[in-house]
Amino acid sequence: MTMFDLTPLYRSTVGYDRLARMLNEAQAFDAPSYPPYNIEKLSDDDYRITMAVAGFAPEDITVEVKGSALTVSAKKTDKPEQTGEFLHQGIASRAFERRFQLADHMHVQSAGMENGLLHVALKREVPEALKPRTIPVNGVESPKVIEARKAA
């Protein structure tokens, strides 16, 4: 794994220490692989996280937003009656917790399950005051002449 030295970033920028800290943490972080998930960009401001949560019921799953962190966790509440002996058990039912760091102005719209997939809809809602705007450039006009008579 390639390691980056972010010391020059600290010396030449002001206010980016949080970003540099996040990059350092991301380098050292070994991401868990369960459950698998997709992140989709549906439009400029709409996103969706889809997680494969086969074997879990909607009441087993918790979706929580705290600050800019989205946490999806699941824990089986009850064990189903086993009718036989498993020769192979490939459907995992272990508890999990997956965290996502949300960008500024990202809001969780909804969460729903369909066919063993959990869909979390996200929307970026940038306030009007922070949206880019175009300032018209007006040319300097020469003063208008009201009367064309000489002063007496």
- Message: Between a residue in segment 87-108 that is under 20 Å from ILE49 (Cα atoms) and any residue that is of a type in the set (Phe, Trp, Tyr) and not in a strand (DSSP E or B), which pairs come within a Cβ distance under 6 Å, given they are 6 or more apart or on different chains?
- Response: PHE96/TYR34
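Which ones in segment 113-125 are exposed (fewer than 14 other Cβ atoms within 10 Å of the Cβ), at negative phi and either touching a helix residue (DSSP H, G or I) at 6+ places or on another chain (Cβ under 7 Å) or without any contact (Cβ under 8 Å) to a residue 60 or more places away in the chain (or both)?
At the first step, the residues of segment 113-125 found to be exposed (fewer than 14 other Cβ atoms within 10 Å of the Cβ) are 114-116, 125.
Now narrow it down to the ones that are at negative phi: 114, 125.
Result: GLU114, single match.
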- Note on the structure: Exception for LEU6 within (1) surrounded by fewer than 14 Cβ atoms within 10 Å (Cβ to Cβ); (2) modelled with pLDDT under 85; (3) of a type outside the set (Ser, Thr, Tyr) falls at (1)
- Condition test on LEU102, is it surrounded by 11 or more Cβ atoms within 10 Å (Cβ to Cβ), under 16 Å from the mean Cα position of the chain (by Cα) and at pLDDT 90 or above? no
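Here are GLY67, GLY15: which of them is on the phi > 0 side of the Ramachandran plot and modelled with pLDDT of 85 or more? Spell out how you get there, then give the answer.
Numbers: GLY15 fails: modelled with pLDDT of 85 or more.
The unique qualifying residue is GLY67.
Return the residues of segment 39-58 that are of a type in the set (D, E, K, R) and modelled with pLDDT under 90; say none if nothing qualifies. Explain how you work it out, then say what you get.
Within segment 39-58, the subset of a type in the set (D, E, K, R) is 40-41, 44-46, 48.
Passing the criteria: ASP44, ASP45.
The values are calculated or read from the model by the stated rules, or taken from the named source; none is laboratory data. Not measured: the values here are computed from a predicted model. For neighbour counting, all protein chains shown are included, and Cβ atoms are generated from backbone atoms with ideal geometry for every residue, glycine included.
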